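Each remark here refers to the structure printed beneath this line.
The values are calculated or read from the model by the stated rules, or taken from the named source; none is laboratory data. Every value quoted in this text rests on a predicted model; they were computed, and no experiment measured them. Using ideal geometry, Cβ is built from the backbone for each residue, glycine included, and neighbour counts are taken over all protein chains shown. Surface areas here come from the heavy atoms of the whole protein model, side chains and all, with no ligands, DNA or RNA. Shrake-Rupley method; radii C 1.70, N 1.55, O 1.52, S 1.80 Å.
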Amino acid sequence: MNLRGRAACILTGIVLSTSVCAGADHPSVTMGSGALFLSDIYPSGTVFGGAKVGYWIDGKDPRDKLGLELAALSAQNPDLFMLRADALYPFYEKSAWRLFVSVGLGGFSVESDFDPVAAAGLVAFYQPNRPLALRMDARPVRGLGQEEHNGWELGLSLHYDFGYKHKPVPKPPADADGDGVPDARDRCPDTPLQFEVDRFGCPINPPDGDKDKVPDYLDKCPGTEAGMEVGPDGCAPDSDQDGVPDYRDKCPNNPPGLRVDANGCVKTY
C-alpha cells in the first residue's frame, strides 16, 4: 500500500474510533483547501486540498484545552502529498472566536521522495455556538531534510466538532413592566408601557393633572387642590383613617370604625 493509501486508512480509523466519544473530550474533522507557497516547488503558490482529523482534550478552563490533529494535504503539478501531526493550544477566546497556536511535525512526499518538515503558526475558528465552524490556518513551513521545502501554508476550511456542547444562552434579566430596565435597578417597577423612562425605569415627564407631583397613573386622588400636601398615592393625609382628609377634618383623632359626618366628627343620630 502506498503512502496515500496508508494515510487514508489512518484518517478513517481515527474518525471511526473517536466519533463514538462524547462529553468534554471529543473528536473533530476538518475538510477544506488553501494555498501552498514553497520556495523550491511552488514559489508563486498552488492550491491544495485535504483533511484533518483530531481529538480535543477539554479542561474546566478554556486555557486547559488541547487539540491533537493528523493532517493530510495534497497538491498537484508536481505531485505533492504532506502528512503531518499538529498540536493546537488556545491563547484567545471571545464570543464566537477562538485562536490557537499550532506546532507540528511531518513530511512531504514529492514524486515519491519523502522529506521531513516542521510547521508552526496560528489557527482561528469562528464558531457561533454550533458544531460547525469556519477555520483559517496560517503557518510557515520549514523543511528538515536536504530539500529546502520552505514556505507558507494558508488554509480555509470547514471544521466539525463531533462532541460539541452548546453553550447555554443566558436568560435576559427580569423586567416585569417591560420598560427595558431590569427589575434589579428599576425604581418605578409598574410604569405603563406608553411612557418613556430614564435609566432607573421611571417615567420622563409623566402627566400630572393636579400638579401634586404624583403622576396621574399613580394618583388615587387626581383632583387635589394646588399646593396641598399629599402622600405617595396623591391623596391628602387622613391620620384617623375616617375617610375625611386632615385638612378639613375637625375631629382628627376619632377612634377607628366610627361613623363620621363630612367634617370628620362622629355622627350623633
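One table, with the values for the structure above:
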item: The stretch 243-269 residues that are in contact (Cβ under 8 Å) with a residue 24 or more places away in the chain, paired with ones that are open to solvent by 60 Å² or more (accessible area, probe 1.4 Å) and not in a loop (DSSP other than H, G, I, E, B) (beta carbon under 9 Å, 6 or more apart); result: 264/248
item: Residue, farthest from residue 26 (Cα to Cα), within the stretch 153-165, restricted to residues that are open to solvent by less than 70 Å² (accessible area, probe 1.4 Å) and at pLDDT below 90; result: 164
item: Selection count where residues are open to solvent by 70 Å² or more (accessible area, probe 1.4 Å) and in contact with a Lys or Arg (Cβ under 9 Å, 6 or more places away or on another chain), scope the stretch 192-221; result: 1
item: Residue selected from the stretch 111-132 under the condition of a type in the set (A, V, I, L, M, F, W, C) and touching a Ser or Thr at 6+ places or on another chain (Cβ under 9 Å), by the criterion nearest to residue 28 (Cα to Cα); result: 123
item: Which listed residue is open to solvent by 70 Å² or more (accessible area, probe 1.4 Å), closer than 21 Å to residue 48 by Cα and in a strand (DSSP E or B), from 125, 114, 91; result: 114
item: Verdict on residue 142 being open to solvent by 70 Å² or more (accessible area, probe 1.4 Å), under 30 Å from residue 39 (Cβ atoms), basic (Lys, Arg) and part of a strand (DSSP E or B); result: yes
item: Filter result for the condition that a residue is in contact with a Pro (Cβ under 9 Å, 6 or more places away or on another chain) and buried (at least 19 other Cβ atoms within 10 Å of the Cβ), over 96, 119; result: 119
item: Options 173, 168, 189: the member that is touching a helix residue (DSSP H, G or I) at 6+ places or on another chain (Cβ under 7 Å), surrounded by fewer than 15 Cβ atoms within 10 Å (Cβ to Cβ), under 30 Å from residue 58 (Cβ atoms) and not polar (S, T, N, Q); result: 173
item: Some residue of the stretch 30-46 being closer than 20 Å to residue 152 by Cβ, modelled with pLDDT of 95 or more and either open to solvent by 70 Å² or more (accessible area, probe 1.4 Å) or touching a His at 6+ places or on another chain (Cβ under 6 Å) (or both); result: yes
item: Any hit, the stretch 111-118, residues being polar (S, T, N, Q) and within 38 Å of the chain's Cα centre (by Cα); result: no
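Each row is one residue, and each column tells you yes or no for (1) outside any strand (DSSP E or B); (2) polar (S, T, N, Q); (3) at negative phi; (4) free of Cβ contacts under 8 Å to residues at least 60 places away in the same chain.
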| site | (1), (2), (3), (4) |
| --- | --- |
| 165 | yes, no, yes, no |
| 172 | yes, no, yes, yes |
| 180 | yes, no, no, yes |
| 184 | yes, no, yes, yes |
| 214 | yes, no, yes, yes |
| 222 | yes, no, yes, yes |
| 239 | yes, yes, yes, yes |
